[in-house]
Amino acid sequence: MKKVNQYIIALVAVFTFSCELDEPVDLNNPSFGGVLTDANIGQLNELVTGILARASTGMGVYHDVAGVIGRDIYRIDVSDPRWVGDVMGTGSLDNSAFYTGTNFNTRYNGVKTANTLIGAAENTTVLTTEEAQGYLAFAKTFKAHALLFALNHQYNNGIRIDVEDPNALGPYTSNAAEGYDAIAALLVEAATHATAAGSSFAFGLTTGFTDFDTPATFGTFIKALQARVALYQANYANAATFVDQSFLDETGNFGVGVYRVFANASGDRVNPLFFPNNTNGTTRLAHNDWVPDAEVGDLRLAKASLRTTPQDVISGQLVATYDAWAVTSQTQPMAFIRNEELILIKAEALIQEGSAASLAAAVTLIDVIRVQSGGLPAYSGAVTQTALINEMLHQRRYSLFDEGHRWIDMRRYNKLDELTLDLTGHSVIIQIPRPFNEVGVQGG
């Protein structure tokens, strides 16, 4: 991944823990106002690089919080007992803790940088109309993505959608539904820009966008994100429409998709979810339900690796015997979204449509996952909406293990009470508290 230069660092750093913004000072580049009114191609492309960098920053905390609460993993850190305390649901959450601020802060850094690119692309004379549309498609897609990841943690606390003017911050959405609606609307704008962006972008993208680096192919990525958001809205008709317009391939490679990329060279970042097998102390472990709850012979169990020695999670009370092993190297890419999820999205939309024909079509897609991903026999259970919802959630659990989905999936189906309470006194967290710096702030 390209290193982010001093200009981008100065730009994205201004969005600190609160949404209060200060104009950055950069001694080596034109003023912030200059970028917004007369940016050149180099400056615009630096903003693209900054947006991609922000989309990879803080992903360890995002996934680990979702994974611990969703009972995908245990996360232990010898220097921070809050992973096995607060996040596992042993008490009240701290609105000034890392699990509150890291994701919120980083996602809004991405929103700020995206807003800057939008303003710059709209107020420069160096771009053709089509080139400007390409920058807008990219910026609004990643603005929506950043807001989505903020909302996934904040849920019914809501999020701010409008933060363009630091002196007149927009209000918080009143609940999760309002937030998802706003994100869906932003993705509609992004898709419209992509359609008008011609045949190529004026900027380059990382290798994580191989085959998705033109306006047309990037547009299928937008449609994939729209399909995911439509599920969160429980708008299954839209989910079915969008997923069919995406890069869905019902018989294709499950791994095809758009990815964050990592490297271990100086100045780059590595995949934060990777820990070597049998690491003691600070590490990530598969939840104790992961193997027992699987069907015998499920090939996806390779995403958990049996340890040579069990690891204490809570000393004297809880131990784990498997490492989380979905990420097996420091440089393994991390999907924004990939084909296996799209197949499951379409299956869910068909199940929710509910007709006999749709349920039968959903079983066909579930069998694609069961056989090709899990190495399992075809589904033989009841072909009813209730039974297939449970089967679909089970397949999502194993196909998308440790990708940050299960907490969200169980929450949107009102099934959080089905998640395991490892010890007496544990609970399942519904949402992360609003950061303390936002409590009482304008609109907060």
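In the chain, Cα pairs under 8 Å separated by at least six residues give a relative contact order of 20 percent.
Taking Cα atoms only, the orientation of helix 41-56 departs from the longest principal axis of the chain by about 20 degrees.
Please report the relative contact order for segment 183-276, taking Cα pairs under 8 Å with a sequence separation of at least 6, and give it as a percent rounded to a whole number. List each step's numbers first, then the result.
Values: 90 pairs, mean separation 23.2, N = 94.
Rounded, it is 25 percent for segment 183-276.
With a cut-off of 16 Å on the backbone N, the residues of segment 205-243 near the modelled label site 7 Å out from Asp268 along Cα-Cβ are 205-210.
Go ahead and run the numbers for FRET between Gln317 and Asn123, Cβ-Cβ distance against an R0 of 56 Å, rounding to 0.05. Don't skip to the end; give the middle numbers.
Numbers: r = 59 Å, r/R0 = 1.05.
That gives a FRET efficiency of 0.45.
Its residues counted as N, the chain yields a C-alpha radius of gyration over 2.2 N^0.38 Å of 0.97.
To the nearest whole percent, what portion of all C-alpha pairs in segment 185-265 is separated by more than 14 angstrom? Don't skip to the answer; put the middle values down first.
Numbers: 2142 of 3240 pairs.
It works out to 66 percent of all Cα pairs.
Stretching Thr331 away from Val296 to a fully extended chain increases their span by 9.5 nm, per 0.36 nm per residue minus the current alpha-carbon distance.
Please compute the net charge surrounding Asn95, taking Lys and Arg as +1 and Asp and Glu as -1 over other residues with Cβ under 14 Å from its Cβ. Show your work: numbers first, answer last.
Values: positive: Arg82, Arg434; negative: Asp86, Asp94, Glu438.
Net local charge, Asn95 excluded: -1.
What is the extension gain from Ala234 to Val78, computed as 0.36 nm multiplied by their sequence separation minus the C-alpha to C-alpha distance, in nm to one decimal? Don't skip to the end; give the middle numbers.
Details: separation 156, 0.36 × 156 = 56.16 nm, distance 3.99 nm.
Here the segment from Ala234 to Val78 would lengthen by 52.2 nm.
The Cα-based radius of gyration of segment 313-444, divided by its Kirkwood radius, gives an Rg/Rh of 1.05. Would you work out which of Gly425, Ala120, Thr37 lies farthest towards the positive end of the dipole of the chain? Charges go on Cβ: Lys and Arg +1, Asp and Glu -1. The one lying farthest along the dipole's positive direction is Gly425. Dipole orientation for the chain: of the candidates Val270, Phe336, Val441, Val270 has the Cα lying most toward the positive pole (charges on Cβ; Lys, Arg +1; Asp, Glu -1). Plainly put, segment 91-228 has a radius of gyration that is 1.01 times its Kirkwood radius, both from alpha-carbon atoms, as the Rg/Rh ratio.
Put a plus charge on the Cβ of each Lys and Arg, a minus charge on the Cβ of each Asp and Glu, and nothing anywhere else: the dipole of segment 234-325 about its Cα centre is then about 400 debye.
Please give the length that would be gained between Thr424 and Asn40 if that part of the chain were fully extended, namely 0.36 nm times their separation in residues minus their C-alpha to C-alpha distance (nm, one decimal). Write out the running numbers ahead of the final one.
Details: separation 384, 0.36 × 384 = 138.24 nm, distance 5.96 nm.
Length gained between Thr424 and Asn40: 132.3 nm.
Computed about the Cα centre, the dipole magnitude for segment 185-284 is approximately 360 debye when only Lys and Arg (+1) and Asp and Glu (-1) carry charge, each at its Cβ.
Summing -39500 (n - 2.57) over the DSSP H runs of n ≥ 4 in the chain and dividing by its residue number, what mean residue ellipticity at 222 nm do you reach, to the nearest 500 deg cm²/dmol? Could you put the intermediate results ahead of the total?
Values: 13 runs with 191 residues, N = 444.
When only DSSP H runs of four or more count, the value is -14000 deg cm²/dmol.
For a modelled paramagnetic label at Tyr413, 7 Å from Cα along Cα-to-Cβ, the residues of segment 377-392 in reach, with backbone nitrogen under 15 Å, are 381-392. Between 0 and 90 degrees, the angle of helix 176-195 with respect to the longest Cα principal axis of the chain falls at about 60 degrees.
Normalised by the empirical 2.2 N^0.38 Å for globular proteins, what value does the Cα Rg of segment 260-327 take?
On the way: Rg = 14.0 Å, N = 68, 2.2 N^0.38 = 10.9 Å.
Against the compact-globule rule of thumb, the ratio is 1.28.
Ratio of Rg to Rh for segment 224-367: 1.06 [Cα atoms; Kirkwood radius as inverse mean 1/r over pairs].
Laboratory data are not the source of any read-out in this text; all were calculated from the coordinates shown. Given the structure is predicted, the values throughout are model-derived calculations rather than measurements. Neighbour counts run over all protein chains shown; Cβ positions are idealised from the backbone, glycine included.
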